[in-house]
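Asker: Please read through the structure below; I'll follow up with questions.
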Amino acid sequence: MSQVSITEVKTETDLKKFIKFPMELYKNNNNYVPSLINDEKNIWDPKENPALQFSDAKKFLAYKDGKIAGRIAVIWNHNEEKELGISKVRFGWLDFINDFEVSEALIKMAIDFAKERNIKKIEGPMGFTNLDKAGMLIMGFDKLATMIGLYNFEYYAQHLEKLGLVKEKEWVEYEMDFPTVLSEKVKKFSELVAQKYKLKVLDFKNKKEIIPYIEPMFKLLDQTYNTLSTYTPITDEQIKTYKEKYFPFIDKNYIICVEDENHQLVSFAVTMPSYSRALQKSKGKLFPFGWWHFLQAGKKNDRANFYLIGIHPEYQRRGVTAIIFKEIFVRFNKMGVKFAETNPELEENKGVQALWQDYNPTNHKRRRTYSLEL
């Protein structure tokens, strides 16, 4: 029986292998969606990823029979420990062939990394921060992945459980057929809420008009989710990075902002046309031809993804979401969107899940992180 060997990723050549391994592993899977190779490279560049300023991280490749058989990244987020008092090692970018020796060797790297720092817990898969991809898929293997969701084979969870890891957190995702007719209840209620609180939906004429609202959106995101036990505030450097990373994909018609009479942002929703098929066709590259697939997906697409939604605490449970969804309805119908999919939501976050209740949502995916006390 051949042994598994582990190599730390230190060179550009190894980094390229690290990034491309899942593309080879899932090359015959129609539901896997690759990341953009350049974006993955930037994650490990301190000049491009501000999270590296407050994190220790290492990457490893597993080899068996002379071939790459798996990969893993391990992360110690110092801000998480400083601000939340949570001491743990995060592991992510976890992919491996269906071989228990390989998965065991990879998880051992996370355990060793934690023990070297006298940390008593590991958890994953997850990234550096709350806005990174997280959660191993445990339901929905036959569903197309999204640009912000991890995809994995069904055997992944079986391996982790065999290794003694247990459920830590779980997320749910929903898909829904978007209605062709807006219910009178939503229409009237949205108008009443807008009048009562003197709110209005902003009408962006072009993408440049959105720029001044990007930072307020992230600040509002902090206010919306800071009561969740796992949430850490977003730094200014992270805001800058996410703006640069995702702004090129934003369509003004998919961004909805609601402000009060003092021109203060009270709610927003960021949706996007589904870029999953475009990413598959581009094979992780925007150039020379990948950009064309993204352009076409943005112009004509019957599927959209919800990415972010924020509501100021003072306006939560006051019906402001009715305004958001009335506007989404108008725009989606205009653009021919028939299906919508939510981003992952913590299973205990019933407030966010309640947003979809009028649209007959189907829980089509579940994902979770696994942890191990050392």
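The values are calculated or read from the model by the stated rules, or taken from the named source; none is laboratory data. Keep in mind the model is a prediction, meaning the values are calculated, not measured. Here the Cβ positions follow ideal geometry from the backbone for every residue, glycine too, while neighbour counts run over all protein chains shown. Accessible surface is based on the protein model in full, side chains and every heavy atom, while ligands, DNA and RNA are left aside. Shrake-Rupley method; radii C 1.70, N 1.55, O 1.52, S 1.80 Å.
Asker: If you go through the stretch 106-117 one residue at a time, do you hit one that is open to solvent by less than 10 Å² (accessible area, probe 1.4 Å) and in a loop (DSSP other than H, G, I, E, B)? I'd like the intermediate steps shown before the answer.
Answerer: As a first pass, look at the stretch 106-117 and keep what is open to solvent by less than 10 Å² (accessible area, probe 1.4 Å): 106-107, 110, 113-114.
Add one more test, that the residue is in a loop (DSSP other than H, G, I, E, B), and what stays is none.
No, that holds for no residue.
Asker: Just to confirm my filter: which strands (runs of 3 or more DSSP E) fall fully inside the stretch 37-98 and include at least 1 residues that are assigned by the TED database to the domain that holds Thr13 and surrounded by fewer than 17 Cβ atoms within 10 Å (Cβ to Cβ)?
Answerer: Details: elements: 55-64, 67-77, 89-96.
Here the list reads 55-64, 67-77.
Per-residue answers, yes or no, for (1) more than 20 Å from Ile107 (Cα to Cα); (2) acidic (Asp, Glu); (3) in contact with a Pro (Cβ under 7 Å, 6 or more places away or on another chain):
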residue	(1), (2), (3)
Ser5	no, no, no
Asp14	no, yes, no
Lys17	no, no, no
Asn30	yes, no, no
Ile37	yes, no, no
Glu40	yes, yes, no
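Asker: Taking the criterion of being buried (at least 17 other Cβ atoms within 10 Å of the Cβ) and touching a strand residue (DSSP E or B) at 6+ places or on another chain (Cβ under 9 Å), would at least one residue in the stretch 284-297 satisfy it?
Answerer: Among the residues of the stretch 284-297, at least one is buried (at least 17 other Cβ atoms within 10 Å of the Cβ) and touching a strand residue (DSSP E or B) at 6+ places or on another chain (Cβ under 9 Å), which makes the answer yes.
Asker: Now a separate question. Among the residues of the stretch 330-353, is any free of Cβ contacts under 8 Å to residues at least 24 places away in the same chain and closer than 22 Å to Glu170 by Cβ?
Answerer: Yes: the stretch 330-353 contains one or more residues that are free of Cβ contacts under 8 Å to residues at least 24 places away in the same chain and closer than 22 Å to Glu170 by Cβ.
Asker: Could you please let me know if Leu308 is under 19 Å from the mean Cα position of the chain (by Cα), touching a residue at least 24 places away in the same chain (Cβ under 8 Å) and open to solvent by 50 Å² or more (accessible area, probe 1.4 Å)?
Answerer: yes
Asker: Sticking with this one: Examine the stretch 267-279 for a residue that is open to solvent by 30 Å² or more (accessible area, probe 1.4 Å), under 19 Å from Lys185 (Cβ atoms) and of a type in the set (Lys, Arg), and state whether such a residue exists.
Answerer: The initial filter retains those residues of the stretch 267-279 that are open to solvent by 30 Å² or more (accessible area, probe 1.4 Å), namely 277.
If we keep only those that are under 19 Å from Lys185 (Cβ atoms) as well, we get none.
No, the stretch 267-279 contains no residue that is open to solvent by 30 Å² or more (accessible area, probe 1.4 Å), under 19 Å from Lys185 (Cβ atoms) and of a type in the set (Lys, Arg).
Asker: Still on this structure, I have one more. Among residues belonging to the stretch 133-148 that are touching a residue at least 60 places away in the same chain (Cβ under 8 Å) and of a type in the set (D, E, K, R), point out the one that is most open to solvent (accessible area, probe 1.4 Å). Before the answer, list the steps.
Answerer: Residues of the stretch 133-148 that are touching a residue at least 60 places away in the same chain (Cβ under 8 Å), as a first pass: 134-148.
Next, from what is left, pick out any that are of a type in the set (D, E, K, R): 142-143.
Working: Asp142: 111, Lys143: 67 Å².
Only one residue tops the list, namely Asp142.
Asker: Test Arg303 against the criterion of being under 29 Å from Glu154 (Cα atoms), open to solvent by 20 Å² or more (accessible area, probe 1.4 Å) and at pLDDT 85 or above, and give yes or no.
Answerer: Details: under 29 Å from Glu154 (Cα atoms): yes; open to solvent by 20 Å² or more (accessible area, probe 1.4 Å): yes; at pLDDT 85 or above: yes.
Spelling it out, Arg303 is indeed under 29 Å from Glu154 (Cα atoms), open to solvent by 20 Å² or more (accessible area, probe 1.4 Å) and at pLDDT 85 or above.
Asker: Any residue that is open to solvent by 30 Å² or more (accessible area, probe 1.4 Å) and modelled with pLDDT of 85 or more - is there at least one of those in the stretch 235-257?
Answerer: Within the stretch 235-257, one or more residues are open to solvent by 30 Å² or more (accessible area, probe 1.4 Å) and modelled with pLDDT of 85 or more.
Asker: Then there is this: Is it true that Tyr213 is at pLDDT 85 or above and out of contact with any helix residue (DSSP H, G or I) (no Cβ under 7 Å at 6 or more places or on another chain)?
Answerer: Numbers: at pLDDT 85 or above: yes; out of contact with any helix residue (DSSP H, G or I) (no Cβ under 7 Å at 6 or more places or on another chain): yes.
Spelling it out, Tyr213 is indeed at pLDDT 85 or above and out of contact with any helix residue (DSSP H, G or I) (no Cβ under 7 Å at 6 or more places or on another chain).
Asker: Taking the stretch 318-358 only, how many residues are of a type outside the set (S, T, N, Q), open to solvent by 20 Å² or more (accessible area, probe 1.4 Å), farther than 13 Å from Ala269 by Cα and in contact with a Pro (Cβ under 9 Å, 6 or more places away or on another chain)?
Answerer: 2
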